[in-house]
Amino acid sequence: MRVLVTGASGTIGRPLTAALEARGYDVRAAVRAPRTQAFPAGVEVVRLPDLAGPVDWGALLAGIDAVVHLAGIAHIGLSDAAYDRINHVATEELARACSKSGTRRLVFASSIRAQSGPHADRVLAETDMPHPTEPYGRSKLAAEQAVRNAGVPCTILRPVLVYTPEAKGNLANLIRLARSPLPLPFGRIANRRSLLAVENLISAIRFALEDPRAKAETFIVADPQAVSVPEIIAICRGAMGRGAGLLPLPLGLFAALFTLAGRRDTWDRIAGSLEAPPVKLMAAGWQPGLTTKAGLTAMIQAASPPKSGTASRSTP
């Protein structure tokens with residue numbers, strides 16, 4: 001199968017491209033700056049124009065059987081128009097071009113934020129009415145509908161927060177805190193957060209490309225079990241051969257401090273829940289290869305291998 005991967009130089013696109021090539025796919029990697037990229041020798045690297053302007057999708061799709069569309073923007077603080085143009089309109093144009101060219105499958109990487117805000121007071125499922133609360137999520141939801149309307153055989157994936165060695169945002173901050181030698185005052189946080197190992201996302205994309213049960217479906221993609229902030233810290237510190245070092249300080253104090261500092265939204269992102277299990281995807285036949293504990297442990301140990309003779313206290 002010849003597959004076009006857009007956004008192939010990103011934190012998801014790069015390992016996906018390598019994994020597909022290793023599995024025998026004929027991969028065309030579309031990136032903004034081809035000369036600066038290094039991919040496996042069998043990968044065809046082509047230039048992807050700025051999605052803020054017109055794109056000749058026909059040329060990129062020539063000879064292609066399937067597309068994995070990862071390219072887009074998720075930066076905070078951009079205008080509604082920028083999100084809509086790049087995440088929605090460009091995706092719509094790609095989907096129409098796929099339909100015209102006879103592409104056999106379009107896998108669109110949407111986001112759980114097309115369905116919900118950064119936290120939710122209930123466990124999420126694909127049957128819920130989508131309620132994005134920010135321009136990014138709204139642009140992804142509009143793109144999903146455009147893909148469905150284009151007439152191309154498609155699968156829409158809604159991944160939760162993906163963790164990779166290049167993780168950013170609140171998860172990266174938690175990992176940095178876990179690396180510190182200090183006790184951390186998060187012992188009483190009892191939230192539930194679904195996370196996603198990049199390896200599990202890659203296997204879900206392969207499932208969407210290969211399995212007929214994925215056709216014309218929308219799936220939440222996540223590791224099988226949600227975790228709390230204290231569990232994330234304990235897993236990361238366990239991977240370093242250390243105890244959790246968590247203090248059970250009152251949550252109300254932190255909420256008040258963040259509120260006084262004008263950062264209540266940041267506190268809600270840290271302490272709030274966003275649980276979105278992959279029940280539907282697993283019922284369709286997908287099996288995740290990693291638990292969050294195993295995935296985070298492997299990631300931390302790969303970045304900071306334990307010293308010789310030091311056994312990790314965390315096991316998958």
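The table below gives the values:
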| read-out | value |
| --- | --- |
| Segments 258-266, 278-286 sorted - mean Cβ within 10 Å per residue, highest first | 278-286, 258-266 |
| Helix-only [θ]222 nm of the chain, DSSP H runs n ≥ 4, -39500 (n - 2.57) each, per residue, nearest 500 | -11000 deg cm²/dmol |
| Leading residue at positive end of dipole, the stretch 2-159 (Cβ point charges), from Val123, Val3, Gly77 | Val3 |
| 0 to 90° range, to nearest 10: angle between helix 292-303 axis and the chain longest Cα axis | 90 degrees |
| C-alpha long axis of helix 90-101 to longest principal axis of the chain, angle in ° | 40 degrees |
| Efficiency of FRET between Glu210 and Thr266 - r from beta-carbon atoms, R0 41 angstrom, step 0.05 | 0.55 |
| Extended-chain gain in nm, criterion 0.36 nm per residue less alpha-carbon gap, Ala62 and Asp128 | 20.0 nm |
| Residues of type lysines that Lys215 reaches as a straight line, Cα spacing below 20 Å, ignoring anything fewer than 8 places off in the same chain | Lys100, Lys140, Lys280 |
| The chain, relative contact order in percent, only Cα pairs under 8 angstrom and at least six apart counted | 16 percent |
| Label point 7 Å beyond Cα of Leu78 along Cβ direction - residues of the stretch 111-151 with amide nitrogen under 17 Å | 111-114, 133-144 |
| Karplus 3J(HN,Hα) series, Hz, for the stretch 211-224 with 6.51 cos²θ - 1.76 cosθ + 1.60 (x for Gly, Pro) | 9, x, 5, 8, 5, 6, 10, 10, 10, 6, 10, 7, 4, x |
| Correct option for percent of Cα pairs over 25 Å apart [calculated from the coordinates] among (1) 47; (2) 66; (3) 52 | (3) |
| Packing rank of 196-207, 80-91, where each peptide gets the mean count of other beta carbons within 10 Å, highest leading | 196-207, 80-91 |
| Rounded to 10°, Cα long-axis angle of helix 198-210 versus longest principal axis of the chain | 30 degrees |
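None of the figures in this text is laboratory data; all of them are computed from the coordinates on show. For clarity, every value in this text was computed on a predicted model and none was experimentally measured. Every residue, glycine among them, receives a Cβ derived from its backbone with ideal geometry; neighbour counts consider all protein chains shown.
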